[in-house]
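Read the structure below first, then the notes.
The values are calculated or read from the model by the stated rules, or taken from the named source; none is laboratory data. In this text, all values refer to a predicted model and were calculated from it rather than measured experimentally. No Cβ is skipped: glycine too gets one built from the backbone with ideal geometry, and neighbour counts run over all protein chains shown. Quick note on the areas: whole protein, heavy atoms, side chains included, nothing else; ligands and nucleic acids left out. Shrake-Rupley method; radii C 1.70, N 1.55, O 1.52, S 1.80 Å.
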Amino acid sequence: MSKLIQIAAAEIGQEELSGSTHNPRIIQYAEESGIKGISKDEVAWCSTFVNWVAFKCDLKRTNRANARSWLSVGKNVNSSPEPGDIVIFWRESPQSWKGHVGFFLGYSQNQSRVYCLGGNQGNAVSISAYPSDTILGFRRLVTNQMIDLPEGFFKLGDSGEKIKNLQQALNTAGFPCGTVDGFFGNKTEEAVKNLQSASGSLKIDGVFGGQTKNYLLEILQN
């Protein structure tokens, strides 16, 4: 998810303008990501900013200005969020429709706060900390592009471009295997086993073959 963070971080400092003048960059976030009806920078634009970054990375997005709309996009990674995943917070109360959304960077040392890179944080694109007990969920965005999964059988010790494709797909689907380096190492084997275990029916042997591929495709396409 480094590209997400890279694109979002490049916008740090973009902020609302006081008075009747509006920051054209914030308006551009809405225009380029397809969110209609935003012509000024005073409206809540945290979701608009996340939509724009997702658009730039060709990842699926909500096309909505509502922060909680992100709870139904991508993969649920509440148990193992990584930097660059989407984090959604509630505002006022968990039952309220209000919320905030941004890119997860990490927890504070005592886990009480979450560092988030996002828009409309102090009326600007910035890095801010939010209470951990206001988290509604974490989501990992999936690509709009066709997933090119390798044909054949792959196991511990294999390497090459096909393994890179597999590793990218595993990370996208919420089964982290670490760096996409083209080597089927222990982390990739563990990720394949976790994928197989999640199916409830596949043999858990860490070997990526036809049935495991079909299950991974099913996850990525939903």
Set of lysines with alpha-carbon distance to Lys155 below 27 Å, sequence-local pairs under 8 removed
Lys75, Lys164, Lys187, Lys193, Lys203, Lys213
On the protein heavy atoms, probe 1.4 angstrom, tell me the percent of accessible surface of the chain carried by carbon and sulfur.
48 percent
Base-10 log of normalised Debye intensity for the stretch 1-75 (one unit scatterer per alpha-carbon) at q = 0.17, 0.18, 0.23 Å⁻¹
-0.62, -0.69, -1.08
Peptides 48-56, 11-19 ordered by average Cβ neighbours within 10 Å, highest first
48-56, 11-19
Could you give the accessible area per residue of the chain, probe 1.4 Å, as a whole number in Å²?
50 Å²
Could you tell me the ratio Rg/Rh of the stretch 36-159? Both radii from Cα atoms, Rh via Kirkwood.
1.05
Only residues of the stretch 168-195 count here: report those whose backbone N is under 18 Å from the spot 7 Å along Cα→Cβ of Asn214, or say none.
195
Mind pulling up the Rg/Rh value for the stretch 82-222? Radius of gyration and Kirkwood radius, both on Cα.
1.07
